[in-house]
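What follows is a single structure, written as C-alpha cells, with notes after it.
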Amino acid sequence: MHLEDPRASWGGVRHSDGTVVMSLWADAIESRGGSCGYLLWAPNTGGSRPWSDTPAGIKRLEHCKLAMANGVAEGLLVYGEALEGFIPEDRARSVHGVDPETVLLFTVEKYGKEYWARWGHKLP
C-alpha cells in the first residue's frame, strides 16, 4: 500500500487486491448493542470538521466511497493522545503507533452525509 502523503494520509488502497485500508483512532471507536462503529468522515458543516475539506479529508471521503463499492475495508488501530478541540485525524498531542497485531474487517455505511465503519454485528 502506498500513502500519497505519509504525514497526513489516514488510509490507502492495497495494490495487490484493491482493498481500502484505513487507520482508525482507537479511542474514538464507539460500541453499542454488540457492534462497533467509527466515524470515518463527516462534512465540515459550519466549521465543525475543517479536516474534511483538506486534501487528506477529501482522500478519506474517496476511500469511504470506494470501500462501500467494494463491500469491505480493513482498519488498523492507531493509539495516542488526542488534542482537545481537534479530531485525531487533524491533530493529536501524540501518536504512539499502530497495533501490528490487529486488523479490523468492516463495512462502510452512509448515514445522511456521514460515513461510518461498522463491524461486530450480532447475529440474529
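The values are calculated or read from the model by the stated rules, or taken from the named source; none is laboratory data. The model shown is predicted, which means the values in this text are computed figures rather than measured ones. Cβ atoms come from the backbone with ideal geometry, glycine included; neighbour counts cover every protein chain shown.
Being of a type outside the set (A, V, I, L, M) and either in contact with an Asp or Glu (Cβ under 7 Å, 6 or more places away or on another chain) or farther than 11 Å from G75 by Cα (or both) is the filter here; which residues of the range 101-114 pass it?
E101, E109, K110, Y111, G112, K113, E114
Go through (1) under 14 Å from L40 (Cβ atoms); (2) touching a His at 6+ places or on another chain (Cβ under 8 Å) for Y79 and report which single condition fails.
(1)
crowded, with 19+ Cβ neighbours inside 10 Å and over 15 Å from S23 (Cβ atoms): which single residue out of S52, S48 fits that description?
Answer to the check: S52.
Take the conditions surrounded by 13 or more Cβ atoms within 10 Å (Cβ to Cβ) and out of contact with any strand residue (DSSP E or B) (no Cβ under 6 Å at 6 or more places or on another chain) and apply them to K59. Does it pass?
Judged against the criteria, K59 is a match.
With V98, V78 as the choices, which residue is surrounded by 17 or more Cβ atoms within 10 Å (Cβ to Cβ), modelled with pLDDT under 95 and within 14 Å of A26 (Cα to Cα)?
V78
Restricting to the range 14-30, what's the tally of residues that are among the acidic types (D, E) and assigned to a loop (DSSP other than H, G, I, E, B)?
Number of matching residues: 1.
Of the conditions (1) surrounded by 14 or more Cβ atoms within 10 Å (Cβ to Cβ); (2) over 12 Å from the mean Cα position of the chain (by Cα), A67 fails just one. Which one is it?
Here A67 meets the rest and fails (2).
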